[in-house]
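**Q** Starting off with a structure, shown below.
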Amino acid sequence: MRTWSSAEVLTPAEVNLLHDQALAILAEIGVHVGHPLLLGLLGDLGAQVDHKTRVVRFPRAWMEQFLSEASDEYDEDDSLIVSCTLPYGKRREYAGGMETTAGTYPQYFLGFEGRCRPHTLQTAADMTRLADALPNIDRLGVMGSPSDVPPLLGPLYMRLVAWKHAERKLSGCGEVRDARLIPYIFEMGRIFADYKGEPASRYTFAEVELLSPLRFGAVEAEIFVRFWEAGYKAGIGFMPTAGASAPVTLAATATVMIAESLFVSVLYRACYGLRKLYLQANSSILDMRSGYFPFSRPERALLMLAVGQMARHYRAGLWASAVHSDSKGVDIEAGYGASFNAIPAVMAGTLGLECYGLVSNAEANSPVQLVVDDEYLGAIKRFCASFEVNGETLAWDLLRERGIGGNFLDAEHTARHFRCEHWQPGLFSREPLNAWLSGEQKLAADLAREKAEAILGDYHPRGMDEETEKALREVIGRARRELLA
């Protein structure tokens, strides 16, 4: 049985229509590319480049040839692990079936008392410690964008927090904001990599955005090129919004995502030599009444399923950014938002899920929500594992032995298999109502809060020694003097 990458929602005719329009977008409309070096590189590869408008078009025959030369296998490059926007094929393997990532640059912190306030260095550190301790989270993104430091220097402080307050898991930051920070980011990455005894590429990377529709702006392209020239990776993400930066119809939005994914794959092959195609399913819709960009909507799930099937059509990898809630607190809506999109993302074939612990889209995070999400992740990983159908799991001999009205609780077969066959929750209810009424009558959010408070009281990881921290702070101090004078 297979649940992961199992959903077939498009007819063959619909697959062809989406493919044809995605290639038409690249051939007739093209992509704005805001850097002369990339324009020259793409032109040398055979794309049609208008240097005056900086628009690059990819003739259909050229793109079909590009697709035909893609590899079925993922590229052997462990530096790709740093960003979900990069096609790291071992994500599911190292993470037990589904890579899960907490955080993604939240600006606000929803505290235990229920009050939402801007993140600080302390709250970002606390959320990092908590995520590092939770068992079902595999990797940490930025757990808080601190407001108590100069905004320009935020990406430097976020790296310091990510590295200092996590020791069990890969924790990092890809935000750059301003190209003037790049030399300091490179230096900090080398310092921390030397301490860890690992390649600098594991800690030195960037994440930039292609501005939908179809614009790779000058600032983002400059950051991409600077990292590439230095031998580091920069992942490119995007998020078209149906009704705003993409047509309101989901089919058209899907073709924009496919076209943008193929363009990014062209850059990855041209600059990094990657042969594996990679589609990203990351979209929102425009709420026509409020102008808000909600994430936990059924349309997002439908788009993930469609793009996931297109990824299989292209023999490509898939990243479906899924776990976002629009709720402003830890409530029923938050649970609905996470679950409604996570399961379709799994069935679409995503290599991982991200953004755990967040509320209000990706604007804020919460320690209580993070613990609840970690519990839910255990269930998601069990869902990904599906179940085996073979002689042992069919248990025919046992069924025949116990027969009609039989009881299987005391069977050796039950003891041998129940822990791996049945998910074992830690927070979610495992008792009938009478037992709950006779106890403390706590709900999952109550238990999650207690668990978060206990971890933050007891768990104090040390991701680096004092000498390394001092060296990193010296780099930040120099950046402050040189850039803010």
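**Q** Calculate the translational D of the range 152-260 in whole µm² s⁻¹ from Stokes-Einstein, where the hydrodynamic radius comes from the Kirkwood formula applied to all Cα pairs, the temperature is 25 °C and the viscosity 0.890 mPa s.
**A** Diffusion coefficient, whole number: 160 µm²/s.
**Q** Over all directions, what mean area does the Cα convex hull of the chain project, stated in square nanometres?
**A** 27.1 nm²
**Q** Between Asp148 and Asp20, what is 0.36 nm times their sequence separation minus the Cα-Cα distance? Round to one decimal in nm.
**A** Taking 0.36 nm per residue and subtracting the Cα distance, the gain is 41.1 nm.
**Q** Run lengths n ≥ 4 of DSSP H only: what is the helix-derived mean residue ellipticity at 222 nm for the chain, with -39500 (n - 2.57) per run over all residues, to the nearest 500?
**A** For the chain, the value works out to -14000 deg cm²/dmol.
**Q** Rg(Cα) of the range 12-66 divided by 2.2 N^0.38 Å?
**A** The range 12-66 yields a ratio of 1.22.
**Q** Long-range amide H contacts for Ala364: which residues qualify at under 5 Å (H placed 1.01 Å from N, peptide plane, sequence gap of 5 or more or a different chain)?
**A** For Ala364, whose amide H was placed from the backbone, the distant partners under 5 Å are Gln107, Tyr108, Val359.
**Q** Go through the range 170-175 residue by residue and turn each phi into a ³J(HN,Hα) via Karplus (6.51, -1.76, 1.60, θ = phi - 60°); whole Hz please, and just put x for glycine and proline.
**A** Once rounded to whole Hz, the list reads 5, 9, x, 9, x, 6.
**Q** Mean shadow of the range 68-163, computed from the convex hull of its alpha carbons, in nm²?
**A** The orientation-averaged projected area of the Cα hull of the range 68-163 comes to 8.3 nm².
**Q** Could you pull the Rg and Dmax for the range 145-202, using just the Cα atoms, both in Å?
**A** 11.4, 32
**Q** Right, another one. Give me the log10 of I(q) over I(0) for the range 385-485 at q = 0.16, 0.20 Å⁻¹, as the Debye formula computes it from C-alpha points; what are the numbers?
**A** -0.95, -1.08
**Q** Enter the Cα centre distance for the pair the range 409-470 and the range 341-393, rounded to the nearest angstrom.
**A** 16 Å
**Q** If neighbour count is taken as other Cβ atoms inside 10 Å, put Asp410, Asp20, Asp373 in order from fewest to most.
**A** With the fewest neighbours first, Asp410, Asp20, Asp373 line up as Asp410, Asp20, Asp373.
**Q** Please sort by residue number the trypsin sites (Lys or Arg not before Pro) in the range 38-76 whose DSSP state is loop and whose Cβ has at most 16 other Cβ atoms within 10 Å.
**A** Lys52
**Q** If packing is taken as the average number of other Cβ atoms within 10 Å across a peptide's residues, how do 37-45, 182-190, 11-19 rank, most packed first?
**A** Put in order of decreasing packing, that is 182-190, 37-45, 11-19.
**Q** Quickly work out the Tyr459-to-Ala435 label distance, labels modelled 7 Å from Cα along the C-beta direction, and quote it in nm with one decimal.
**A** It works out to 2.6 nm between the two label points.
**Q** Take each of the peptides 263-274, 376-387, 418-429, average the number of other beta-carbon atoms within 10 Å over its residues, and list them starting from the highest.
**A** The packing order, highest mean first, is 263-274, 376-387, 418-429.
**Q** Could you run the Karplus curve 6.51 cos²θ - 1.76 cosθ + 1.60 with θ = phi - 60° over the range 136-142 and give me ³J(HN,Hα) per residue in whole Hz, x for Gly and Pro?
**A** Each residue of the range 136-142 in turn: 9, 9, 9, 8, 10, x, 5 Hz.
**Q** May I ask you to evaluate 6.51 cos²θ - 1.76 cosθ + 1.60, the Karplus curve with θ = phi - 60°, for each residue of the range 424-439 and list the ³J(HN,Hα) values in order in whole Hz, giving x for glycine and proline?
**A** 10, x, x, 9, 5, 4, 10, 9, x, 4, 4, 5, 5, 5, 7, x
**Q** Mind listing the long-range amide H neighbours of Ala242? Cut-off is under 5 Å, sequence gap 5 or more, other chains count too, H placed in the peptide plane at 1.01 Å from N.
**A** Close amide H contacts, sequence-distant or interchain: Ser284, Ile285, Leu286.
**Q** Return the inverse of the average 1/r over all pairs of distinct C-alpha atoms in the range 333-455, which is the Kirkwood hydrodynamic radius, in Å to one decimal.
**A** 17.5 Å
**Q** Give the order of Thr350, Thr123 when sorted by the count of other beta carbons within 10 angstrom, beginning with the fewest.
**A** Final ranking by Cβ density, sparse to dense: Thr123, Thr350.
**Q** Another question, if that's okay. So what does log10 I(q)/I(0) come out to for the range 256-350 at q = 0.11 Å⁻¹, using the Debye formula with one equal point on every Cα and no solvent?
**A** At q = 0.11 Å⁻¹ the computed log10 ratios are -0.36.
**Q** Give the long-range amide H neighbours of His165: residues separated by 5 or more places, or on another chain, with amide H under 5 Å away, using H modelled in the peptide plane at 1.01 Å from N.
**A** Gly463
A short reminder: the numbers here are calculations on the coordinates, not readings from a lab. Keep in mind it's a predicted model, so treat the numbers as computed, not measured. All Cβ positions, glycine included, derive from the backbone under ideal geometry; neighbour counts span all protein chains shown.
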